[in-house]
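Below: the structure, in structure tokens.
The values are calculated or read from the model by the stated rules, or taken from the named source; none is laboratory data. All of these numbers come straight from a predicted model, not from anything done at the bench. So basically every Cβ, Gly included, is an ideal-geometry build from the backbone, and we count neighbours across all protein chains shown.
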Amino acid sequence: MTSLAKGETRAAGGPLVRLTGVNKWFGDLHVLQDIDLSVERGEVVVVIGPSGSGKSTLCRAINRLESIQQGEISIDGERLPEEGKALARLRSDVGMVFQSFNLFAHKTILENVTLGPTRVRRKSKADAERRARELLERVGVAAQADKYPAQLSGGQQQRVAIARALAMEPKVMLFDEPTSALDPEMINEVLDVMTSLAREGMTMIVVTHEMGFARRAANRVVFMDGGRVVESSDPESFFTNPQSDRAKDFLSKILNH
Amino acid sequence: MDFLSDNIDLLWGAFLTTLSLAVVSGLCALVLGTVLAGMRVSPVPPLRGLATFYVEVFRNTPLTVVFFFLVFGIVQIDLQFPSRFAAAVAALSLYTAAFVCEALRSGINAVPPGQAEAARALGLDFGQTLRTIVLPQAFRTVVPPLGNVWIALAKNTSIAAGFAVADLTAALQRLSNANADRLLLVFAAIVAGYLAITLPSAWAIRVIEKRVAIIR
């Protein structure tokens, strides 16, 4: 990070992801209420909260898979554009990992990982495949490269999904409940990959119920309830000394079962 | 067997005409129907409206009326197809495209939304998402209904006989006038011609369906 291109200098100063006064309604339901959130470069932010608190919607709004009605979201100093080419370009810099993996069912594991780099980044097939195999190696599924998604376990599929997102060399990675659809014994293999990513300095926004991961890897925990950010602090103070009653209540329910 | 040997050239020519009507119209309808299906799921409201209008017009108009319009109707606005065959291909393609579109659209709706979301999240635009992720999966699920559309088209080509195209049904009219004493034989020959197109198609559809199936 010693030499920055001229265009990047300005952007490099501010937060990588910034949400200002974000509001969203599903019909009458006010799912995101006046959200302000900034995520710095290299920061790992874990978003937790009860179901229906709006945390998944927040995650999906950051790359505009959900549109918002009010407020502003910017990534690397650039405001999220309306639907179109500019939005596609911005999304290519934002990696996304879904709860249900969403690997392309008709493509092999290798093709899943090379699709973005070849179609969006216009990389050559050979370069994209070399990089894809490295990434698959790294997440521990290199041996499955020629299989189809349905032939892999959930944990393997989710690790492929992470490799697919990383192949785009994203500035930030969004994880929308990445382990919620997994059998318990597969959760750790996915969390291990995520933890090592966090250690390497990837900027991450992670919606999860895995409190162990939050303690281990997060720089900051954001607690949401009823569409609002109720609390935002470092993991140690959040878990040992939550400020709001709602957070205390939530933690008592999930930590002592 | 002198009936067959006397008329083999006529029958063979009629068979080829029916086959080429079906194949050429089928290909045109597939292309046009795919474009229409893309329009019907696009985020641009005028495109959606236009495609919906098209589908409703052609799906709900009798094919014979479409033929009448393209053969005689457009003469009023100083247009004419170079041949009756071309007019028949146009009528069959325009009509069948509406059904291809609806079959494909049902396939598109059957692709889990997460597939398109993952593609968009990678930075693919709407067209790329449709072409590389959604349509290839949609085509696989609509092989059986598209097969039905194809077989219906193969049989619908018979309407062209009413508009001076020398297809199998036209041959039926001609031969039954000349061979009133051997009508059963004439019918058998004509039906065999249609079956020679539709039965292998039904078999091919089953093979394709098995081959392109995707496991989920």
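Being within 11 Å of another protein chain (Cβ to nearest Cβ), closer than 22 Å to A:VAL46 by Cα and assigned to a loop (DSSP other than H, G, I, E, B) holds for only one residue in A:PRO178, A:PRO170, and it is A:PRO170.
Run down A:PHE213, A:PHE239, A:PHE223 and say which single residue is outside any helix (DSSP H, G or I), touching a helix residue (DSSP H, G or I) at 6+ places or on another chain (Cβ under 8 Å) and closer than 18 Å to A:LYS55 by Cβ. If you could, list the steps in order and put the result at the bottom.
Details: A:PHE213 fails: outside any helix (DSSP H, G or I); A:PHE239 fails: outside any helix (DSSP H, G or I).
Exactly one of A:PHE213, A:PHE239, A:PHE223 is outside any helix (DSSP H, G or I), touching a helix residue (DSSP H, G or I) at 6+ places or on another chain (Cβ under 8 Å) and closer than 18 Å to A:LYS55 by Cβ, namely A:PHE223.
Can you tell which of B:LEU10, B:LEU70, B:LEU16, B:LEU36 is buried (at least 19 other Cβ atoms within 10 Å of the Cβ) and farther than 23 Å from B:ALA138 by Cβ? I'd like the intermediate steps shown before the answer.
Values: B:LEU10 fails: buried (at least 19 other Cβ atoms within 10 Å of the Cβ); B:LEU16 fails: buried (at least 19 other Cβ atoms within 10 Å of the Cβ); B:LEU36 fails: farther than 23 Å from B:ALA138 by Cβ.
The unique qualifying residue is B:LEU70.
Residues being within 10 Å of chain A (Cβ to nearest Cβ), modelled with pLDDT of 95 or more and touching a Gly at 6+ places or on another chain (Cβ under 6 Å) are represented in region B:110-130 by at least one member.
Assess whether B:LEU183 counts as being touching a helix residue (DSSP H, G or I) at 6+ places or on another chain (Cβ under 8 Å) and crowded, with 18+ Cβ neighbours inside 10 Å. For B:LEU183, the condition - touching a helix residue (DSSP H, G or I) at 6+ places or on another chain (Cβ under 8 Å) and crowded, with 18+ Cβ neighbours inside 10 Å - is not met. B:VAL143 falls short on exactly one of the conditions (1) within 14 Å of chain A (Cβ to nearest Cβ); (2) more than 18 Å from the chain's Cα centre (by Cα), and that condition is (2).
Every listed requirement among (1) of a type in the set (Phe, Trp, Tyr); (2) over 20 Å from the mean Cα position of the chain (by Cα); (3) closer than 18 Å to B:VAL24 by Cα is met by B:PHE187 save one, (3). Looking only at residues of region A:133-150 that are part of a helix (DSSP H, G or I) and within 13 Å of another protein chain (Cβ to nearest Cβ), we find that the one that is farthest from A:ALA167 (Cα to Cα) is A:ALA150.
When B:ALA188 is tested against the conditions (1) of a type outside the set (D, E, K, R); (2) more than 23 Å from B:VAL89 (Cβ to Cβ); (3) surrounded by 19 or more Cβ atoms within 10 Å (Cβ to Cβ), the lone failure is (3). A:ILE162 passes every criterion in (1) closer than 22 Å to A:SER38 by Cβ; (2) within 14 Å of chain B (Cβ to nearest Cβ) apart from (1).
Among the residues of region A:115-130, the one identified as assigned to a loop (DSSP other than H, G, I, E, B) and facing chain B (nearest Cβ under 7 Å) is A:VAL120.
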